[in-house]
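> Structure in structure tokens, see below.
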Amino acid sequence: VESIPENRKFEFVVIDEVQMASDYNRGYIFTEKILNMRGTRETLFLGSKSMEKILREIFPKIVIHNKPRLSSLSYIGYKNLTRLPKRSAIIAFSQIDVYEIANKIKQSHGGVSVVLGALSPDVRNAQVKLFEDEKVDYIVATDAIGMGLNLNIKNIFFSSLKKFDGFDERYWI
């Protein structure tokens, strides 16, 4: 969304992660694209069901298709880093925590991939490839991992239930 060229027309436009319109730092970009960017033949808005009411108000004739989750979610409780099952992702909410957790996993399990929103696309893709090619069984990342990456993860663990949102620490669940 943030890199859609302004001066070109497209037959088909997809605006993914529409719920990002509510993000304090980047929401204005998503809002502008939702309101102004259209494909000449078709436009798709993808994202959280939380945007359905707003999209219906903006576009009364919108057609909305809800799709079921393709995997089940279950809670398995607290796990010590030394006892994590293979093919796990650990989500932390700061770079310091990501690197500390990755170091602990590396000490007890060997290799680990690290993904942060601040990584260059080449470095991020190389880290993802290590995990996807099963050269490492663990990936430690910030919550930025949920934006645009589809990974073969069997278990997700969170380092905290609170996240600093730029102003306050809040529960994010």
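To keep it simple, each residue is scored yes or no on (1) assigned to a loop (DSSP other than H, G, I, E, B); (2) in contact (Cβ under 8 Å) with a residue 40 or more places away in the chain.
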| residue | (1), (2) |
| --- | --- |
| Ile29 | no, no |
| Leu35 | no, no |
| Thr43 | no, no |
| Ile54 | no, no |
| Pro85 | yes, yes |
| Asp97 | no, yes |
| Ile101 | no, yes |
| Gln107 | no, no |
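> Consider segment 129-143. How many of its residues are modelled with pLDDT of 90 or more, surrounded by 16 or more Cβ atoms within 10 Å (Cβ to Cβ) and in contact with a helix residue (DSSP H, G or I) (Cβ under 9 Å, 6 or more places away or on another chain)?
Here the count works out to 6.
> What's the number of the condition Val136 fails, among (1) under 24 Å from Met20 (Cβ atoms); (2) of a type in the set (Val, Ile, Thr); (3) part of a loop (DSSP other than H, G, I, E, B)?
Unmet for Val136, out of (1) under 24 Å from Met20 (Cβ atoms); (2) of a type in the set (Val, Ile, Thr); (3) part of a loop (DSSP other than H, G, I, E, B): (1).
> Still on this model: Which residues, counting only those in segment 112-128, are part of a helix (DSSP H, G or I), of a type outside the set (D, E, K, R) and open to solvent by 30 Å² or more (accessible area, probe 1.4 Å)?
Scanning segment 112-128 gives Pro121, Val123, Asn125, Ala126, Gln127.
> Next up: Name the residues in segment 145-159 that are at pLDDT below 80 and either surrounded by fewer than 16 Cβ atoms within 10 Å (Cβ to Cβ) or part of a strand (DSSP E or B) (or both), would you? Don't jump to the end; show me each part of the working.
The first filter runs over segment 145-159 and keeps only residues at pLDDT below 80, leaving 145-150.
Hits for segment 145-159 are Gly146, Met147, Gly148, Asn150.
> Suppose we keep only residues that are within 15 Å of Ile156 (Cβ to Cβ) and basic (Lys, Arg) within segment 65-111. Which one would you say is surrounded by the fewest Cβ atoms within 10 Å (Cβ to Cβ)?
Arg69
> Pick from segment 17-27 the residues that are surrounded by 14 or more Cβ atoms within 10 Å (Cβ to Cβ) and part of a loop (DSSP other than H, G, I, E, B): which of them is modelled with the highest pLDDT?
Here the residue is Glu17.
> Please indicate, with yes or no, whether at least one residue in segment 79-92 is in contact with a His (Cβ under 9 Å, 6 or more places away or on another chain) and among the hydroxyl-bearing types (Ser, Thr, Tyr).
To start, the set of residues in segment 79-92 that are in contact with a His (Cβ under 9 Å, 6 or more places away or on another chain) comprises 81-82, 84, 86.
Subset that is among the hydroxyl-bearing types (Ser, Thr, Tyr): 82.
Yes, there is a match, as at least one residue in segment 79-92 is in contact with a His (Cβ under 9 Å, 6 or more places away or on another chain) and among the hydroxyl-bearing types (Ser, Thr, Tyr).
> If only one of Ser120, Ser88, Ser113 is polar (S, T, N, Q), out of contact with any Asp or Glu (no Cβ under 6 Å at 6 or more places or on another chain) and more than 22 Å from Ser160 (Cβ to Cβ), which one is it?
Unique residue meeting the criteria: Ser120.
> Looking only at segment 1-27, how many residues end up being over 27 Å from Pro68 (Cβ atoms) and touching a residue at least 40 places away in the same chain (Cβ under 8 Å)?
Initial filter on segment 1-27 (over 27 Å from Pro68 (Cβ atoms)): 2-11, 24-27.
If we keep only those that are touching a residue at least 40 places away in the same chain (Cβ under 8 Å) as well, we get 24-25.
The qualifying residues number 2.
The values are calculated or read from the model by the stated rules, or taken from the named source; none is laboratory data. These figures come from a predicted structure and were not determined experimentally. In this analysis, Cβ positions are derived from the backbone assuming ideal geometry, glycine residues included, and neighbour counts consider all displayed protein chains. For accessibility, only protein heavy atoms count, side chains too; no ligands or nucleic acids. Shrake-Rupley method; radii C 1.70, N 1.55, O 1.52, S 1.80 Å.
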